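The values are calculated or read from the model by the stated rules, or taken from the named source; none is laboratory data. The model shown is predicted, which means the values in this text are computed figures rather than measured ones. Don't worry about glycine lacking a Cβ; one is built from the backbone with ideal geometry, like all the others, and counts go over all protein chains shown.
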Amino acid sequence: MNNQKPGILVPALVGGGLAGLLSGIPLINCLCCVWVIGGAVLSSFLLSRNSPVSLTGGDGAIVGIFTGIIAAVVDAIISIPFQAINARIVQRVLESIAQYSEEMPPQWETWLKRGGAETTFAMFMLGLVISVFIFAALGALGGIIGVAIFGKKPGEKKGSEGATDVPKDTGDRQS
């Protein structure tokens with residue numbers, strides 16, 4: 001019997017790619033945490049579907065972490081063309097805040113006219129690193145949830161992983 005667990009790369013690529021795509025598109029990216037958790041649940045479903053044995057919470061966490069890392073990279077790549085749209089949305093929000101606030105910092109008007117902070121390569125990489133950590137944590141959570149839902153194989157007893165059959169001692173020893 002094949003008790004090998006399947007590889008996690010393909011499920012992580014599918015779940016992470018989908019989560020990263022949805023997290024990078026403006027307006028629906030406000031649910032990015034949900035997309036990452038959902039992508040990790042999808043990854044653990046795909047992993048459990050190809051596994052002949054039940055999966056553990058650790059298996060789900062590992063596939064979820066890889067899903068989160070892939071989602072962060074895909075999100076960063078997808079959001080590059082949308083930076084102008086996102087900057088305009090942030091500028092409108094800040095202008096709205098400025099209308100209703102009495103005291104604003106001294107250089108606020110100049111900063112708004114410039115269009116906010118410009119994205120440099122260093123800021124892009126810092127955002128990517130922060131996203132990797134956050135998405136990996138959310139992915140681990142989603143992977144654990146997914147394994148709890150999909151990871152148990154029918155007919156397998158709880159705690160039977162790694163157990164071997166030992167014959168019972170009947171007491172009929174012959175010397």
* In the set Gly116, Gly142, which member is of a type in the set (Gly, Ala, Ser) and modelled with pLDDT of 90 or more? -> Gly142
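Whether any residue in segment 57-67 is of a type in the set (S, T, N, Q) and touching a helix residue (DSSP H, G or I) at 6+ places or on another chain (Cβ under 8 Å) is what I want to check. Can you show your working first?
Taking segment 57-67 as the starting set, the residues that turn out to be of a type in the set (S, T, N, Q) are 67.
Going one step further and asking which of them are touching a helix residue (DSSP H, G or I) at 6+ places or on another chain (Cβ under 8 Å), we end up with 67.
Taking every residue of segment 57-67 in turn, at least one turns out to be of a type in the set (S, T, N, Q) and touching a helix residue (DSSP H, G or I) at 6+ places or on another chain (Cβ under 8 Å).
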* Output the qualifying pairs, or none if there are none: Cβ atoms under 6 angstrom, residues six or more apart or on different chains, first residue in segment 50-68 and under 15 Å from Val14 (Cβ atoms) and touching a residue at least 24 places away in the same chain (Cβ under 8 Å), second residue among the aromatic types (Phe, Trp, Tyr) and crowded, with 19+ Cβ neighbours inside 10 Å. => Gly68/Phe135
* To do: Output the number of the condition that Ser54 fails; it satisfies all remaining conditions of (1) modelled with pLDDT of 95 or more; (2) part of a loop (DSSP other than H, G, I, E, B); (3) not hydrophobic (A, V, I, L, M, F, W, C).
  => (1)
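Can we say Leu94 is farther than 17 Å from Phe135 by Cα and touching a helix residue (DSSP H, G or I) at 6+ places or on another chain (Cβ under 7 Å)? Walk me through it before giving the result.
Details: farther than 17 Å from Phe135 by Cα: yes; touching a helix residue (DSSP H, G or I) at 6+ places or on another chain (Cβ under 7 Å): yes.
Here the answer is yes, as Leu94 does meet what is asked.
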* Would you mind stating whether Leu31 is farther than 14 Å from Ser131 by Cβ, part of a helix (DSSP H, G or I) and either charged (D, E, K, R) or modelled with pLDDT of 85 or more (or both)? => no
